[in-house]
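First comes the structure, then the notes that go with it.
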Amino acid sequence: MEENKRVLVIDDDEGIRETYQAIFTPEQESEIDQKGVALFGGNSLKPKFKNNIDYQVCVAENGNQGIKLVKESLAENRPFAVAFIDMKMPGINGSETSKQIWDIDPKIRIVIVTAYSEYTSDDIISTTGRDDIFYLRKPFNHEEILQFARALTNEWNLERKRDLLKIELKAANQALEDMNSSLEGMNKILEDMNKNLKDKVEKQAALIVQTDKMASIGILAAGVAHEINNPLSFINSNLLALKRYLTKIDVLHRKYDDVELFLRYSGLDNAPALLEELAEFKKENKTELIMSDIYDLTDESLDGIDEIKTIVDNLKTFSRIDEPSYSYLDINRAIDNTINILWNELKYKAEIIKNYGRIPEIRCFPQKISQVFMNLILNAAQAIEKQGTITISTKLVTTDQQIDFIEIKIKDTGCGIPKENLNKLFDPFFTTKPIGKGTGLGLSITYEIIKAHKGSIEVLSELGKGTEMVILLPF
Ligand SMILES: Nc1ncnc2c1ncn2[C@@H]1O[C@H](COP(=O)(O)OP(=O)(O)OP(=O)(O)O)[C@@H](O)[C@H]1O
Ligand SMILES: [Mg+2]
């Protein structure tokens, strides 16, 4: 930065203005000397030390001219460092001039020069409103002027340097802050990346678990179904044979009652003893009770066998074995199968209302369609916190077009879905359930299966009231 050595002199006395010029131009020493003596009287003003600083001096004859010069110099970005201002001038006086100059350029250093003792520094301070004003009595000598000029220009320049340093410091601070915040930003990005990676790994792991789970359920179901089927069928046929035999034994039992009656009235000698022995045996062994119970027992056993058969059938639905991939499916029956499988999950929570319509069987991948019902009914049950209903309706929808549809509605009175989640439901891995509880795959798999069947699925939901899933399957 170039040092500012610009000095302004405002004085109405031409001689004094020239003296200032001379003071700041040391070559004219002898001339100053003469003029100084002529003007102020007294001893020679010959400087005791030389001025070797190259001041740029501007002079003005009155306050207004000086103010104008300050304005111009500021506009040209060449401000004055110091102003020497005469106190008593025609027009505005020195302190008023100072005030107006400071209004324009508060940084300029001002020295008031006065020969009049009636002006005290307090007067000047009260007019200008500033106490950093300097005060010099006439007659002055060169050294005083030069000392003021040197000290005040130095101060001015130091202050500008300090301002500049302040600006640089502020910029450096800002840069530091910027760096800090970009570091924070980078940290955040890294954290997000980490989190994304973690999420991905968790989701991948969940996917593997889910796929594994489905595969092992299939294998297990197939194995269990196969193993149970054999004993089941022979127990079933044995029980049926037993029931047939029982009717014969029952007939024999009745015939025996007739024989007993006959014996009682036969008059044979050993008849009473024989009858008593028989009565004893019957009483002891509760044979009457056994005969009436025996039918109930076989009937109950046969019912039990039927139930086991249903379970095995249901399990078969979930195994790929035993099933041609593309075949006819009775949707109502498939839904019932699913409800049976999920019964443990449903029974305490939901009342199931079935509105099944008369619908034709459709050609589809039965096991996949069953999986759709499984996912949707399970979601409905999981949406119900304590107690609610799940209404399942099916019907045939005929259209003007050539295609007819089967409409399946699964409606629950659960928690409902917030609006902002509606368009994310079918995204793979979208779940609001805790890890381990939901993989977020149910609806995406459902969507894929329905798409593969050229059908559609629509979600109607009201937060806090419940959700309805509407599926259309063409056939
Ligand atoms: N009937 C419903 N009522 C309320 N919210 C539901 C319902 N069905 C689905 N949702 C919301 O949609 C999300 C995604 O469902 P989706 O079946 O795809 O995954 P999930 O049930 O969370 O996990 P998964 O099915 O793999 O066990 C659920 O977490 C839940 O927030
Ligand atoms: Mg689900």
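The values are calculated or read from the model by the stated rules, or taken from the named source; none is laboratory data. From a predicted model like this one, the values you see are computed outputs, not experimental measurements. Quick reminder, even Gly has a Cβ in these numbers, built from the backbone with ideal geometry, and neighbours come from all protein chains shown.
Points to keep in mind about this one:
- Screening 433, 465, 437 for residues that are away from ligand 2 (no atom under 16 Å from the Cβ) and free of Cβ contacts under 8 Å to residues at least 60 places away in the same chain leaves exactly one candidate, 465.
- Meets criteria (under 25 Å from residue 200 (Cβ atoms) and assigned to a loop (DSSP other than H, G, I, E, B)) for residue 438: yes
- Restricted to the range 453-475, and to residues there that are small (Gly, Ala, Ser) and surrounded by fewer than 17 Cβ atoms within 10 Å (Cβ to Cβ), the residue that is farthest from ligand 1 (Cβ to nearest atom) is 456.
- Answer from 83, 151, 115 - the residue that is surrounded by fewer than 21 Cβ atoms within 10 Å (Cβ to Cβ) and closer than 22 Å to residue 56 by Cα: 151
- Taking the range 442-458 as the range and being more than 13 Å from ligand 2 (Cβ to nearest atom) and under 17 Å from residue 392 (Cβ atoms) as the test, the residues that pass are 450, 455, 457, 458.
Conditions (1) among the aliphatic types (A, V, I, L, M); (2) closer than 18 Å to residue 295 by Cβ; (3) in contact with a helix residue (DSSP H, G or I) (Cβ under 8 Å, 6 or more places away or on another chain), marked per residue:
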| position | (1), (2), (3) |
| --- | --- |
| 227 | no, no, no |
| 232 | yes, no, yes |
| 240 | yes, yes, yes |
| 252 | yes, yes, no |
| 264 | no, no, yes |
| 272 | no, no, no |
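- Scanning the range 379-389 for residues that are surrounded by fewer than 17 Cβ atoms within 10 Å (Cβ to Cβ) and within 16 Å of ligand 2 (Cβ to nearest atom) yields a count of 1.
- Taken over the range 117-136, the criterion of being outside any helix (DSSP H, G or I), farther than 24 Å from residue 52 by Cβ and among the aliphatic types (A, V, I, L, M) is satisfied by 133 alone.
- Single condition residue 139 does not satisfy, out of (1) over 27 Å from residue 71 (Cα atoms); (2) in a helix (DSSP H, G or I): (2)
- Residue ID - nearest to ligand 1 (Cβ to nearest atom), chosen from residues in the range 417-441 that are loosely packed, with under 15 Cβ neighbours inside 10 Å and within 28 Å of residue 395 (Cβ to Cβ): 422
Yes/no matrix, rows are residues, columns are (1) touching a residue at least 24 places away in the same chain (Cβ under 8 Å); (2) within 14 Å of residue 332 (Cβ to Cβ); (3) of a type outside the set (Lys, Arg):
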| residue | (1), (2), (3) |
| --- | --- |
| 362 | yes, yes, yes |
| 369 | yes, yes, yes |
| 375 | yes, no, yes |
| 380 | yes, no, yes |
| 383 | yes, no, yes |
| 386 | yes, no, no |
| 390 | yes, no, yes |
| 396 | yes, yes, yes |
| 399 | no, no, yes |
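- Search result, residues across the range 265-276 that are surrounded by fewer than 11 Cβ atoms within 10 Å (Cβ to Cβ) and either among the β-branched types (Val, Ile, Thr) or in a helix (DSSP H, G or I) (or both): 273, 276
- Annotation: residue 126 fulfils all but one of (1) within 24 Å of residue 5 (Cα to Cα); (2) without any contact (Cβ under 8 Å) to a residue 60 or more places away in the chain; (3) surrounded by fewer than 17 Cβ atoms within 10 Å (Cβ to Cβ); (4) not aliphatic (A, V, I, L, M); the unmet one is (1).
- Residue check, residue 444 closer than 26 Å to residue 328 by Cα and either within 12 Å of ligand 1 (Cβ to nearest atom) or not assigned by TED's automatic domain parsing to the domain that holds residue 338 (or both): yes
- Residue 261 vs. criteria in contact with a Cys (Cβ under 6 Å, 6 or more places away or on another chain) and either exposed (fewer than 13 other Cβ atoms within 10 Å of the Cβ) or at pLDDT 85 or above (or both): no
- Apart from one condition, residue 389 fits all of (1) among the β-branched types (Val, Ile, Thr); (2) modelled with pLDDT under 95; (3) within 20 Å of residue 345 (Cβ to Cβ); the exception is (2).
- The range 390-427, subset touching a Lys or Arg at 6+ places or on another chain (Cβ under 8 Å) and either part of a loop (DSSP other than H, G, I, E, B) or not assigned by TED's automatic domain parsing to the domain that holds residue 357 (or both), residue nearest to ligand 2 (Cβ to nearest atom): 416
- Filtering the range 86-102 for residues that are in the same structural domain as residue 68 (by TED's automatic domain parsing) and in contact with a Pro (Cβ under 9 Å, 6 or more places away or on another chain) leaves an empty set.
- Among the residues of the range 90-108, those that are of a type outside the set (Ser, Thr, Tyr), touching a residue at least 40 places away in the same chain (Cβ under 8 Å) and surrounded by 21 or more Cβ atoms within 10 Å (Cβ to Cβ) comprise 94, 108.
- Residues located in the range 337-358, provided they are under 39 Å from the mean Cα position of the chain (by Cα), surrounded by 14 or more Cβ atoms within 10 Å (Cβ to Cβ) and not in a helix (DSSP H, G or I): 349, 350, 352
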